[in-house]
Structures are given as structure tokens and as C-alpha cells.
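For reference, the structure discussed in these notes is given below.
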């Protein structure tokens, strides 16, 4: 099985369901009013602009890992994690001051532009941030609603809803630490991994796998095996994501390269570079960290330091180590051949994504 192609096929199926869901929501919003309808359009446009649907894919395969076989029901239900994801992204874009997501304007920037044109009494940035916050809240409600309205038993829906709230709490806990580390201006490798564990591993991999498994009636034994796979693979996912953010292709990323550098974010790449750099290299990294106006030349200099200090190689090797740990849990599990093939294949894909 080619896990990447499997995920791409699932994305196509899910995107059709999401388009139908938003068409229904927009009809419902006629009763509420044009402003609410516009907010739904913003959410729809952002969610359909891109994204690999990794979380929904993990939810689907968690369901199958626990023996679920009603694929139509789980496809409908897996929209919930994508709406929860977009809610968190909308708020994250405000925190990170990002102007673009998936190659389109972020919602706060979109509303900021509208304020400049049509709402002259509003302070544009505040208006944009305010409208995006409430649009994110709306997306969160939609995520819960999808589980509520899914065609599973009340008992399984209740467990899934509790898990969904747990996912949000873990993610927000990771974000709190992330924001504090950025404000502090320094971090340890242990702190970075803790952020990755809560903000990515439990949110992107473990949570969705558990959601799907719970909707299939999974017991604690199945959830435990999924966690043994999910947490290390999720940490690897974020390490590789940070590498791609610094060395990847801007068009594929859908946002500027080195945005973490501009925002002053503490990543493993930066922590290890500072740890192993000489005086000149350290001075350069500190000068560029948090500088909104870094040039192409600055970016190349930064990349050179990351490679010369061994930070790039260290981060890649650590990501591979975590992936191997996760794969080992699946290889010794009792999951069927298809489930094993997807989970192992997608773990390999995570660390082989192009730089």
C-alpha cells in the first residue's frame, strides 16, 4: 500500500463531504443573517484551500484499527477533526501574525482588509482579529456538532466528544508553552519536545486515531497501542515540519519560508544551532530570530549555520528515531495487514517529505 496515495484519495472523498456540509451550513445561515453567512464562507474558503487531511485520515484508520467497517459513517464523522483543526488554525494565525494559510489570506487579514474598505469607524487590525476569533469559535462548534449528529450510538458519541475536548485542551496547553518560550527567547530541547507532544502528537496523530477507534468501540488495549505509535510519530511529524518550514518550498508550504525565524519561535533547529554554534554563528542567529524583515541573503546565512552546527542532521536523525519507535509498536500489534501498512507507510512518509 502507498500510504501517501491512500491519504490523497481519502482527502478527495472528504473534501466532497466538506463542500456538501458547507453548502448545507450556508443555507442554514440565511435564517441567521448575512454577517454570519460571510463568516461561514471564510471558514469554508480556508478549509477547502488546502491541507492534507492527515488528522481525518488518522481518524478513519483508527476506526478501522478497532474493527469499524461502516466507512460512510466514519467519513462523515471525520469532518469533525478538520473543523476543530481549522478553529485552532484561525486562532493560531492571529497569534503568529500570519497573513497567508494554504496560499490564501488568513481570516483575520481578510476581515482587516474589509474594515479598511467598508467599516471606517473600526480599527482594522482589531476588527480583523475580533472577527477571526469568533469565526474560529464557530468552527469549533461545528466540529462538536458533527459528532453530535453522526450516526453512531449515543455511548460512542459521548466518548468521542469527550476525546475531542481533551484534544483541544492538550493542544492549547502546548500552545501556551510555545507562546511562553517565544516570549522568554530561549528553550531547552526537553521543552521543545514537550510542546511537540501536546501541540502536535496528541492533536495530529493520537487524538484523531483515538477518536476513530472510540467510534468503533475500541477498548483500552487498542487505545494504548495506538498511543505507543502516535506520540513518537507525532513528535517526528513536527520536527520534520519545522525542517520544511526552514528549508522547504514556499509554494508547497503555502506561506513564506522561515516564518518561525521571523516570529522568533523556538524550534529544535534553533535550539541545537545555538547550543553548538561559535560566537559569530550565535550572534547571527540571535540577530535574525524575531526579525520580521529578514532578506533572502539572511535566510541563506541562517540555513548555512543550521547545517554547519549539525542542527539539521541532528533534527533529521531524531525524527527518524521517533518514527522507528512508533513503527515498532504497530509491527508487533494485532492490527490487520491493511491498517499496519497504512500506519507504517504514513510514518515513513512523514520523515521523507521533501525539504
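Find how much the distance from residue 348 to residue 300 grows on full extension, using 0.36 nm per residue of separation minus their present alpha carbon separation; answer in nm with one decimal.
Fully extending the segment from residue 348 to residue 300 adds 14.5 nm.
As a test of the formula, what do you get for the chain when each DSSP H run with n ≥ 4 contributes -39,500 (n - 2.57) and the sum is divided by the residue count, at 222 nm and rounded to the nearest 500 deg cm²/dmol?
The helix contribution divided over the chain gives -25000 deg cm²/dmol.
Using the alpha-carbon centroid of each, what span in Å lies between segment 197-218 and segment 129-187?
13
Which order do the peptides 140-148, 176-184 take when ranked by the mean count of other beta-carbon atoms within 10 Å per residue, highest first?
In decreasing order of mean packing, 140-148, 176-184 become 140-148, 176-184.
Calculate, in nm to one decimal, what residue 308 and residue 12 gain on full extension: separation in residues at 0.36 nm each, minus their alpha carbon distance.
102.5 nm
If I model a spin label at residue 48 and residue 19 as a point 7 Å from the Cα along the Cα→Cβ vector, what separation in nanometres do I get?
Taking the two extended label points, one gets 0.7 nm.
By its C-alpha gyration tensor, with a ≥ b ≥ c as the square roots of the eigenvalues, how is the chain shaped: rounded for a/c under 1.5, else prolate for a/b larger than b/c, else oblate?
Oblate shape, in that a/c is at least 1.5 and b/c is the bigger or equal ratio.
If the label point is 7 Å along Cα→Cβ of residue 331, which residues in segment 295-321 have backbone nitrogen under 15 Å from it?
320-321
If r is the Cβ-Cβ distance from residue 263 to residue 338 and R0 is 30 Å, what FRET efficiency results, to the nearest 0.05?
With a Förster radius of 30 Å, E is 0.15.
Roughly how many nanometres apart are two label points built 7 Å out from the Cα toward the Cβ at residue 188 and residue 291?
Going by the 7 Å Cα→Cβ label model, 3.0 nm.
What percent do you get for the relative contact order of segment 3-352 when only Cα pairs under 8 Å and 6+ apart count?
19
Report the label-to-label distance for residue 169 and residue 282 in nanometres (one decimal), using points 7 Å from each Cα along the Cα→Cβ vector.
The answer from the label model is 4.1 nm.
So how much slack lies between residue 179 and residue 130, counting 0.36 nm per residue of separation and subtracting their Cα-Cα distance, in nm?
15.7 nm
Quick note: the coordinates plus some simple rules give every number you see, no bench work behind them. This structure is a prediction, so every number in the text was calculated from the model and none was measured. Please note: Cβ atoms are built from the backbone with ideal geometry, for glycine as well, and neighbour counts cover all protein chains shown.
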